[in-house]
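Trainee: One structure follows; several queries about it will come next.
The values are calculated or read from the model by the stated rules, or taken from the named source; none is laboratory data. Just so it is clear, the structure is predicted and the values come from calculations on it, not from any experiment. Methodologically, a virtual Cβ is constructed for each residue, glycine included, from the backbone with ideal geometry; neighbour enumeration extends over all protein chains shown. We work out accessible area using only protein heavy atoms, side chains counted, and drop any ligands, DNA or RNA first. Shrake-Rupley method; radii C 1.70, N 1.55, O 1.52, S 1.80 Å.
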Amino acid sequence: MIISILFNHSLSSSDKLSLIIPHIIAVLIIIFLILPLHELAHGWVAYKFGDRTAKNAGRLTFNPLVSIDPWGALMILLFGFGWARPVPVNPNNFKNPRVGMAVTAAAGPISNFLAALIGAFIYVAILVGSGFSVSLLNFGMELLWTFIAINISLAVFNLIPIPPLDGSKILASFLPQRLMEQFYRYQGVFVIILYVLMFTGALSGPLSYIQTACANGILWLAKLPFHLAGAL
C-alpha cells in the first residue's frame, strides 16, 4: 500500500501525501481495532465449540496490546496484508475437531469481510447523502476505501491454504488423517514457500484478482439496501 504510493512516479509529492495520511490512519484503525476483532473471533468461536484455551489465556478481549505483532503490523502498513499474534486454540477440546477447527479458522477472515462490508455501507451512504459530490470529503472517502481494501486484503490473504494461515486450517479439516499429518509435518517448508511467494511478488496477480472480485461483491451488497429503497 504505502510502498506502491511512494513508488508511483505519476503522483506528485502533495498527491502522495494526501494519500499516505488517510492510509496511515486507516492502518492504525485496522491494527488497534480490526486485528483484535479478528483474533477475538477465532477465540470466541473456539470457546463456543468447547475450547477454553483462548479464554484461559486472556485472549477473549479487544485489547490490541495482546494481539499486535510488530512485524505483522509493519507489513500491513507497507503492503496491505500482515498478521497479528494468533490466539491459542486446542482442537482436541472440540467435540468434532475437524468441524470446530474449520469454523474457528474461518471466523477471522469472516470478521474482516464483515468489517469491509460495514465500511462499504458507510462509503455508499456518504455517496448517496452527498448526491455523489464528495470533493470536500475526499480525505474521509480515501480513508474509508483504504479501510475496506485492507480488510479485504487481510481476509483473502488469510484464506491462502498455506500454513500457518487460516486457509491451511480450513483445508486440513477436509484432508484424510494421513494427508493432514503430512501437511502439518512440513509446515516449516510451507512457511518458507509463503515468504518466497510474498517477497517475489508471485502472489500479487492472483491475490489482486480475487481482492477485486471480493471488493465488487461487497460494494454490490452495500448498495443493495439503497437500491431497494430507491436511492440508487
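Trainee: First compute the accessible area of the chain with a 1.4 Å probe, then give the percent of it belonging to carbon and sulfur atoms.
Mentor: Working: 8650 of 12380 Å².
In the chain, the share of accessible area belonging to carbon and sulfur is 70 percent.
Trainee: Could you state the principal axis extents of the C-alpha atoms in segment 127-232, from the largest down, to the nearest angstrom?
Mentor: Cα extents, longest axis first: 58, 31, 18 Å.
Trainee: Exposed loop chymotrypsin sites (Phe, Trp or Tyr not before Pro) only (DSSP loop, at most 16 other Cβ atoms within 10 Å): please give the longest stretch of the chain free of them, not including the sites.
Mentor: Details: sites that count: Phe7, Phe62, Phe132, Phe174, Tyr186.
Formally, the longest exposed-site-free interval is 63-131.
Trainee: Springs between alpha-carbon pairs under 10 angstrom, Gaussian network model over the chain: which of Leu60, Leu159, Leu127 fluctuates most?
Mentor: Per the Cα network of the chain with a 10 Å cutoff, Leu127 tops the list.
Trainee: Right, here's the next one. Averaged across orientations, what area in nm² does the convex hull of the alpha carbons in the chain project? It would help to have the intermediate numbers written out before the result.
Mentor: On the way: hull surface 57.8 nm².
So the mean shadow area of the Cα hull is 14.4 nm².
Trainee: Follow-up question, since we're still on this one. With the chain treated as a Gaussian network of Cα nodes joined by springs under 10 Å, which of Gly50, Gly100, Gly201 yields the largest mean-square fluctuation?
Mentor: Gly201
Trainee: Report the residue, chosen from Leu77, Leu40, Leu65, that carries the largest GNM mean-square fluctuation when the chain is represented by alpha-carbon nodes joined by springs under 10 Å.
Mentor: Highest fluctuation of the listed residues: Leu65.
Trainee: Quick check on the chain: helices-only [θ] at 222 nm, where DSSP H runs of length 4 and up contribute -39,500 (n - 2.57) each and the sum goes over total residues. Nearest 500, please.
Mentor: Dividing the helical sum by the residues of the chain leaves -22500 deg cm²/dmol.
Trainee: Something else now. Tell me the trypsin sites (Lys or Arg not before Pro) within segment 9-111 that lie in a loop according to DSSP and have at most 10 other beta-carbon atoms within 10 Å. Could the numbers behind the result be given before it?
Mentor: On the way: sites: Lys16, Lys48, Arg52, Lys55, Arg59, Lys95, Arg98; in loops: Arg52, Arg59, Lys95.
Hits after loop and neighbour filter: Lys95.
Trainee: Enter the accessible area per residue of the chain (Å², integer; probe 1.4 Å; all protein chains in place). Please list the in-between numbers first.
Mentor: On the way: 12380 Å² over 232 residues.
Per residue, the chain has 53 Å² of solvent-accessible surface.
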